[in-house]
Ligand SMILES: Nc1ncnc2c1ncn2[C@@H]1O[C@H](COP(=O)(O)OP(=O)(O)OP(=O)(O)O)[C@@H](O)[C@H]1O
Ligand SMILES: [Mg+2]
């Protein structure tokens, strides 16, 4: 349909406003992270839009800070463990749901996937109470297990899509050539599904890396922290704006990077050359 | 190598009957082709034999083994899928070696087998490539190689040539024939293409809506079709099927097509007599209708008629002529030299020795019923 | 019995590889539901626990803090859900048409999703500081690029329930905008241009086209956004936790009950109430939309 001048201006204004609102907080995060003390603590004067003396001292401080390194390591351990748990548990289930259309498979799939709609704030207290009795609070494994509860439904959902895109002929061909179901799943289908599953695991990694509620409730009384929990703890001790912003930057960078990598990865055809 | 036996095999998906009471024996080393229209159950038959689909009723034997409870990987069969189903993450050599590795063959034997297959199927220099870097014909040959190295008791091929272009299809057809002659494997082959079926097979099995219509040598199904469906399916261009009736005439029997009457040859008179004054369908192949002047003049004149030429399709060596005989459409084949122009009339003659008469209710070929003279 | 046995044997592999996921998810869900209900219905009496007991709910009903949190949560969701929808629709309409650089713009608009929620909350905490945050500097006209004095005094954002929750809501909507945008965008792109042009040739005005064609065809996408977003808003935790600590919603009240009151039973009771509210509101939205959709396409 034809665009009038007026609609074009409305569009342009909307675009500028929208991008401004999206970018402003991100800009501020970066700005604060490189601010020197005089640009943050101004003693009543206006806070500058760009630091008087841009500096990397906050990042240097972080590098020297044991708590930060520990928290980053803990975050990494938890995220990797939850990727491993949820892939090992979720991927085979997705394969079974896609390839073996037994009665009730669809209902089961819907149930398993919709577990992710269960409110985390409702499940956190029963989980903490249960984990306390079995000694899983204040532990990497406990948080990773809780995160897997959130991510397994996502793995099942993404992996089902991946497996559906792989022609059934491949499994059947492998079986006709002498492979058992397990062998054809592990040696034929999984390698073909790898790019899609890589995307799923990045997604799951980020889910855990970002997660706050379970990590907070499970770690609050111990000395372990993930990065989000550390951020909250520092906020409640000393709201030092430039330090908070520097941690925020460190926390966000992998997420922003990976989000764009995943986007690209998804588009690589997994089955090029397999058929036709 | 093994004999394959389908015994009273039925297959239902839910309530739809896809295969009904299939009885078929494929002899050791035989090349049998399943043909039939789309959806008639050819693929389902192969998949049941491969063990990818369970039979609803009936038994399948491979060799002397009752195969029903045997899982696909233990049946000793190999199947080439219509889509080839090459494993995209494995090279050509790895694809070919897949089944051998599973059998735990020693490495030397595997390498020797790969060489053998590469030689047989002309895959030189492609061993290290991934499937996505192969042409359609090459993929097809890799799929075949992957199946052949296993020395399967039975080789199943589901429309293996349908994704190739016409030239390649002809080449691969010759290749398949050569391979079969060399390996003497039992092959069950599925195709849509009746020319392919005729040229490759020892025997052809024609299926219609889940039932076997006829099984026989290519020549048999062509010259002695059991019923109207087979007659119509085999042969190109298709057989002419004209409603007619059988009548007594001067002590002889004639078949009345309306515009003309043809005498029924002596050997079949007794077979046809019970159908006197009943509706039947007269079948004659286009290549068995001749121009009168080009054909032996001693045929009885009664079998000839003038037809009106409507369309001429020159094929080079011969012409396909669409004509009309008082409103009845007729296809015939003439020599390329024969002059036939649209709008002109042409005298033709039916070769009654090669004509068929079908029961219009059951569709059966009256002349091929067990008690008739034509079954040798 | 025989058939069951055969069915199990035939699908043994599938059952085998499905079991871990099923046990994990269903097991956790069972434990969670059992535990939360059990806790909520337990009374910590002087001589041991009493079960079942409604005392936790009765105490909560009499607790003004709970009542306020409930009211705040309802408002938070009521205002937030349409807001999330409108920002999503607005963003989607901005990028639905082809233009130069659309790919980049779209990636930029997806950025909020890639920023951890806690980070967004912290940034807003800094920006809406009192008395000397950026936002306060701007509205009191202290920046040269915006020399209008909206107010003569700075606002104590975190010191007022209304402002604190508005800032939380802003953060929530900011972060979720890409999700709504992507869902609506998918819906918009499924609408055939021809349909709109056909309607135009039939004499429909722009508004009529929007109301009669775009909106009904967009209804499934809108329904998805509304259902998903309202669930999210009911249970939103991070933003109010960081930005509105003194003005709890039900979700942050659960935390307070658990950590400050040291009362897991009341915390569970609140959680149970929240769960019921979410289920009720989802069902309600679902049926309202069904009814609305029928009205929109009526002749
Ligand atoms: N899994 C299934 N569930 C239900 N019906 C099926 C299934 N597989 C096949 N059918 C039906 O069975 C019939 C036979 O299918 P089949 O694939 O054997 O046909 P075909 O002869 O190979 O056809 P084509 O020449 O098109 O490949 C078809 O009507 C098909 O719709
Ligand atoms: Mg088929």
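A count restricted to the range B:59-95 and to residues that are in a strand (DSSP E or B), under 30 Å from residue A:195 (Cβ atoms) and away from ligand 2 (no atom under 16 Å from the Cβ) stands at 1. Of everything in the range B:9-43 that is free of Cβ contacts under 8 Å to residues at least 24 places away in the same chain and more than 9 Å from ligand 1 (Cβ to nearest atom), the residue that is farthest from the chain's Cα centre (by Cα) is B:15.
For the range B:163-188, give me each residue that is touching a strand residue (DSSP E or B) at 6+ places or on another chain (Cβ under 9 Å) and within 16 Å of ligand 1 (Cβ to nearest atom). Selection gives B:188 alone. Of C:219, C:190, C:206, all but one fail to be within 12 Å of another protein chain (Cβ to nearest Cβ) and farther than 30 Å from residue A:217 by Cα; the exception is C:206.
So, residue B:56, is that one more than 16 Å from ligand 2 (Cβ to nearest atom) and in the same structural domain as residue B:123 (by TED's automatic domain parsing) or not? The answer is yes for residue B:56.
Checked against (1) under 28 Å from residue B:48 (Cβ atoms); (2) modelled with pLDDT under 90, residue B:188 passes all but a single condition, namely (2). Taking the conditions exactly as written (crowded, with 20+ Cβ neighbours inside 10 Å, within 13 Å of another protein chain (Cβ to nearest Cβ) and in contact (Cβ under 8 Å) with a residue 60 or more places away in the chain), does residue C:114 satisfy them or not? Spelling it out, it is not the case that residue C:114 is crowded, with 20+ Cβ neighbours inside 10 Å, within 13 Å of another protein chain (Cβ to nearest Cβ) and in contact (Cβ under 8 Å) with a residue 60 or more places away in the chain.
Identify all residues within the range B:1-31 that are within 16 Å of ligand 2 (Cβ to nearest atom) and crowded, with 22+ Cβ neighbours inside 10 Å; write none if there are none.
Of all residues in the range B:1-31, those within 16 Å of ligand 2 (Cβ to nearest atom) come to B:11, B:13, B:16, B:18-19, B:22.
Of everything in the range B:1-31, those that are within 16 Å of ligand 2 (Cβ to nearest atom) and crowded, with 22+ Cβ neighbours inside 10 Å turn out to be B:11, B:19, B:22.
Checked against (1) more than 14 Å from every other protein chain (Cβ to nearest Cβ); (2) surrounded by 17 or more Cβ atoms within 10 Å (Cβ to Cβ); (3) away from ligand 1 (no atom under 13 Å from the Cβ), residue B:191 meets all criteria but (3).
So, in the range C:130-146, exactly how many residues are assigned to a loop (DSSP other than H, G, I, E, B) and either more than 18 Å from residue C:160 (Cβ to Cβ) or at the interface with another protein chain (Cβ under 10 Å from one of its Cβ atoms) (or both)? Final tally of qualifying residues: 10.
Name every residue in the range A:244-262 that is more than 12 Å from the chain's Cα centre (by Cα) and buried (at least 22 other Cβ atoms within 10 Å of the Cβ), in order of residue number. The answer is A:244, A:245, A:246, A:247, A:248.
Assess whether residue C:45 counts as being facing chain A (nearest Cβ under 8 Å), at pLDDT below 90 and surrounded by fewer than 16 Cβ atoms within 10 Å (Cβ to Cβ). Against the criterion (facing chain A (nearest Cβ under 8 Å), at pLDDT below 90 and surrounded by fewer than 16 Cβ atoms within 10 Å (Cβ to Cβ)), residue C:45 does not qualify.
Taking the range B:151-168 as the region of interest, how many residues are away from ligand 2 (no atom under 12 Å from the Cβ), outside any loop (DSSP other than H, G, I, E, B) and buried (at least 22 other Cβ atoms within 10 Å of the Cβ)? Quick ask: steps written out before the conclusion?
Within the range B:151-168, the subset away from ligand 2 (no atom under 12 Å from the Cβ) is B:151-155, B:161, B:163-168.
Next cut, outside any loop (DSSP other than H, G, I, E, B) only: B:154-155, B:166-168.
With the extra rule that they be buried (at least 22 other Cβ atoms within 10 Å of the Cβ), the set shrinks to B:154-155.
Total satisfying the criteria: 2.
Looking at the range B:34-52 only, could you name the residues that are closer than 20 Å to residue B:75 by Cα and either within 12 Å of ligand 2 (Cβ to nearest atom) or at pLDDT 95 or above (or both)? Once the filter is applied, which keeps residues that are closer than 20 Å to residue B:75 by Cα and either within 12 Å of ligand 2 (Cβ to nearest atom) or at pLDDT 95 or above (or both), the range B:34-52 yields B:42, B:43, B:44, B:45, B:46, B:47. Count of the range B:101-121 residues, restricted to those that are touching a residue at least 40 places away in the same chain (Cβ under 8 Å) and under 33 Å from the mean Cα position of the chain (by Cα), is 2. Checking each residue in the range B:51-74 for being more than 12 Å from chain A (Cβ to nearest Cβ) and within 15 Å of ligand 1 (Cβ to nearest atom) picks out B:54, B:55, B:56.
Name the residues in the range B:132-162 that are within 16 Å of ligand 1 (Cβ to nearest atom), within 11 Å of another protein chain (Cβ to nearest Cβ) and touching a helix residue (DSSP H, G or I) at 6+ places or on another chain (Cβ under 6 Å), would you?
B:156, B:158
Here is a check on your reading of the model: is residue A:219 at pLDDT 90 or above and away from chain B (no Cβ under 12 Å)? Here the answer is yes, as residue A:219 does meet what is asked.
The values are calculated or read from the model by the stated rules, or taken from the named source; none is laboratory data. Quantities reported herein were computed from a predicted structural model and do not represent experimental measurements. Because the Cβ atoms are built from the backbone with ideal geometry, glycine has one as well, and the counts that use them run over all protein chains shown.
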